[in-house]
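Asks: One structure, pasted below without further comment.
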Amino acid sequence: MSKLWNRINDELKTRHESKTYNVIKVLESPQGEIIEVGGKRYINMCSNNYLGFANEAGAIAAAKDYVEKYGVGAGAVRSISGTQKCHIDFERKLAEFKGVEDVMLVQSGFQANTAFVPTIITADDAIISDELNHASIIDAVRLTKARKYVYKHADMDDLKVQIEKAKSEVEGIVLIITDGVFSMDGDIAPLDKIVELKEKYEDVYLAVDDAHGEGVFGSHGRGLVNHYGLEGKVEFEIGTLSKAFGIAGGFVGGKKEVVDYLKQKARPFLFSTGLDSAMCGAGIYIVGEMTRTDERVKKLWDNAKYLQEQLRARGLDTWKTVSPITPVIVGEEAKATMLTKALFDEGVLVSPIIFPTVARGLARIRLMPSAAHTKEVLDEAIAKIEKCAKELGII
Ligand code: PMP
């Protein structure tokens, strides 16, 4: 066998033997509080469909309407003949909602980071990244030739040290980049303190990837920058449409000239076909709904607080979360896998999170409540989590 096939087969074998092979579940139903896998009913505690839009009738109707109007595919990259009016309409709506001058839509949140970072940053620049930033930020940073610095998670003293180091070592600009909400712990970036610090220096800029903050924090779910009252002080906002917006797609927001520049130069925009019309139609409806009412955001928080209080009342450790992301710490890696399996057998779907995604000894399951959950279903999930955690000696 060749080196390549050996490499692939060895890796697969190791994963099977160490029980880390990910058997990807196939859903036979739309997203929602209850989903179907293998013909069976499961309580869904692991999707990012925060506001329940992924299967909302109005969003589906809007998607159908736009497919009728614009067809199913954009047909080309946006810079050639793939920009449809629905792209522009959606960008305008999103910019208004986010309180930025303009946004550039791309195909996913991952693409938004890879479109933004390497386009804005040159080899003369520095990027300073929080150590717990998302993989898409890490990969986007890798695509640049800039000097790279990492600061200890949310640690402003270390950020200051890294800024000063970067300022003394590069000729160009310094970009600080951080997740808004950290998806493993559910804690949030101290954007107010980061802004205060960066404003002491010239040519130090801030980009926030608010994937888990949009639809969750701020007025009507406008995101973390709005939550902190920092509109106009954070130069770049990166977003995804795949979580609270319930669809797919991503965007970069900021000043008009930034978006203009990105549309001339960003490779995922120039070399990858634009979002399909169904996403634009559903997206326009969803942003309209988010602007019209904050009922879904309130229900999300009500459910999240209820879930977290009930778990803590049963002796479970929800760690540092200040957001709906609900980690339940179990300690050893094997316990997280066993708890996930026991819950699956009980009809509850959760995600196990283990080393190297989180530190050894801090293995956990992660629960994602949403506005689509009812208290009855949450109670059912809580009771099953308590039962399985007791059986495994976690509580
Ligand atoms: N950024 C962050 C911080 C995320 O959590 C995610 C989703 N896991 C992404 C980007 C990627 O978003 P998408 O799924 O739209 O590619």
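The values are calculated or read from the model by the stated rules, or taken from the named source; none is laboratory data. No experiment lies behind these values; they were computed from the predicted model shown. FYI the Cβ positions are ideal-geometry reconstructions off the backbone, even for glycines, and counts take in every protein chain you see.
Asks: Take residue 287 and tell me if it is in contact (Cβ under 8 Å) with a residue 12 or more places away in the chain, surrounded by fewer than 15 Cβ atoms within 10 Å (Cβ to Cβ) and either not assigned by TED's automatic domain parsing to the domain that holds residue 224 or not polar (S, T, N, Q) (or both). Working first, answer last.
Replies: Details: in contact (Cβ under 8 Å) with a residue 12 or more places away in the chain: yes; surrounded by fewer than 15 Cβ atoms within 10 Å (Cβ to Cβ): no; either not assigned by TED's automatic domain parsing to the domain that holds residue 224 or not polar (S, T, N, Q) (or both): yes.
Here the answer is no, as residue 287 does not meet what is asked.
Asks: Then there's this: What's the total number of residues in the range 112-144 that are under 14 Å from the mean Cα position of the chain (by Cα) and of a type in the set (S, T, N, Q)?
Replies: Going through the range 112-144 one residue at a time, the tally reaches 3.
Asks: Going by the conditions given, is residue 242 of a type in the set (S, T, N, Q), surrounded by fewer than 18 Cβ atoms within 10 Å (Cβ to Cβ) and either within 16 Å of the ligand (Cβ to nearest atom) or modelled with pLDDT of 95 or more (or both)? Quick ask: steps written out before the conclusion?
Replies: Details: of a type in the set (S, T, N, Q): yes; surrounded by fewer than 18 Cβ atoms within 10 Å (Cβ to Cβ): no; either within 16 Å of the ligand (Cβ to nearest atom) or modelled with pLDDT of 95 or more (or both): yes.
When the stated conditions are applied, residue 242 does not pass them.
Asks: Then there's this: Is there a residue in the range 278-297 that is basic (Lys, Arg) and outside any helix (DSSP H, G or I)?
Replies: In the first step, residues of the range 278-297 are kept if they are basic (Lys, Arg); the result is 292, 296.
Okay, now just the ones that are also outside any helix (DSSP H, G or I), so none.
No, because not a single residue in the range 278-297 is basic (Lys, Arg) and outside any helix (DSSP H, G or I).
Asks: So if I check each of 189, 207, 211, 166, which one is buried (at least 20 other Cβ atoms within 10 Å of the Cβ) and either closer than 18 Å to residue 300 by Cα or at pLDDT below 95 (or both)? So that I can check it myself, show each step before the final result.
Replies: Values: 189 fails: either closer than 18 Å to residue 300 by Cα or at pLDDT below 95 (or both); 207 fails: either closer than 18 Å to residue 300 by Cα or at pLDDT below 95 (or both); 166 fails: either closer than 18 Å to residue 300 by Cα or at pLDDT below 95 (or both).
Among 189, 207, 211, 166, only 211 is buried (at least 20 other Cβ atoms within 10 Å of the Cβ) and either closer than 18 Å to residue 300 by Cα or at pLDDT below 95 (or both).
Asks: Right, here's the next one. Looking at (1) at positive phi; (2) touching a Lys or Arg at 6+ places or on another chain (Cβ under 8 Å), which one does residue 246 not meet, given that it meets all the others?
Replies: Residue 246 satisfies every listed condition except (2).
Asks: Looking only at strands (runs of 3 or more DSSP E) that lie completely in the range 320-371, which have at least 1 residues being touching a Lys or Arg at 6+ places or on another chain (Cβ under 6 Å), free of Cβ contacts under 8 Å to residues at least 40 places away in the same chain and not acidic (Asp, Glu)? Can you show your working first?
Replies: On the way: elements: 326-331, 351-353, 363-367.
Answer list for the range 320-371: 326-331.
Asks: Inside the range 104-113, can you point out the residues that are surrounded by fewer than 23 Cβ atoms within 10 Å (Cβ to Cβ) and either outside any helix (DSSP H, G or I) or more than 8 Å from the ligand (Cβ to nearest atom) (or both)?
Replies: 107, 108
Asks: Here is a check on your reading of the model: is residue 208 touching a residue at least 12 places away in the same chain (Cβ under 8 Å) and either within 13 Å of the ligand (Cβ to nearest atom) or outside any loop (DSSP other than H, G, I, E, B) (or both)?
Replies: Values: touching a residue at least 12 places away in the same chain (Cβ under 8 Å): yes; either within 13 Å of the ligand (Cβ to nearest atom) or outside any loop (DSSP other than H, G, I, E, B) (or both): yes.
Yes; evaluated as a whole, the condition is true for this residue.
Asks: Something else: Going by the conditions given, is residue 136 part of a helix (DSSP H, G or I), within 16 Å of the ligand (Cβ to nearest atom) and surrounded by 16 or more Cβ atoms within 10 Å (Cβ to Cβ)?
Replies: On the way: part of a helix (DSSP H, G or I): yes; within 16 Å of the ligand (Cβ to nearest atom): yes; surrounded by 16 or more Cβ atoms within 10 Å (Cβ to Cβ): yes.
So residue 136 fits the description; yes.
Asks: Then there's this: Considering every residue within the range 256-265, establish whether at least one is crowded, with 19+ Cβ neighbours inside 10 Å, part of a helix (DSSP H, G or I), within 15 Å of the ligand (Cβ to nearest atom) and touching a residue at least 60 places away in the same chain (Cβ under 8 Å).
Replies: Within the range 256-265 (the criterion being crowded, with 19+ Cβ neighbours inside 10 Å, part of a helix (DSSP H, G or I), within 15 Å of the ligand (Cβ to nearest atom) and touching a residue at least 60 places away in the same chain (Cβ under 8 Å)), the answer is no, since none of the residues qualifies.
Asks: Oh, and also: So which of 201, 151 is over 22 Å from residue 221 (Cβ atoms), away from the ligand (no atom under 16 Å from the Cβ), assigned by TED's automatic domain parsing to the domain that holds residue 281 and within 21 Å of the chain's Cα centre (by Cα)?
Replies: Just a single option satisfies the conditions, and that option is 151.
Asks: Checking residue 172 against (1) more than 16 Å from the chain's Cα centre (by Cα); (2) in contact (Cβ under 8 Å) with a residue 60 or more places away in the chain, which single condition isn't satisfied?
Replies: With respect to (1) more than 16 Å from the chain's Cα centre (by Cα); (2) in contact (Cβ under 8 Å) with a residue 60 or more places away in the chain, residue 172 is out only on (2).
Asks: Going through the range 11-37 one residue at a time, which ones are of a type in the set (S, T, N, Q), outside any helix (DSSP H, G or I) and out of contact with any Ser or Thr (no Cβ under 6 Å at 6 or more places or on another chain)?
Replies: Of the residues in the range 11-37, the ones of a type in the set (S, T, N, Q) are 14, 18, 20, 22, 29, 31.
Remaining after also requiring outside any helix (DSSP H, G or I): 18, 20, 22, 29, 31.
Of everything in the range 11-37, those that are of a type in the set (S, T, N, Q), outside any helix (DSSP H, G or I) and out of contact with any Ser or Thr (no Cβ under 6 Å at 6 or more places or on another chain) turn out to be 18, 20, 22, 29.
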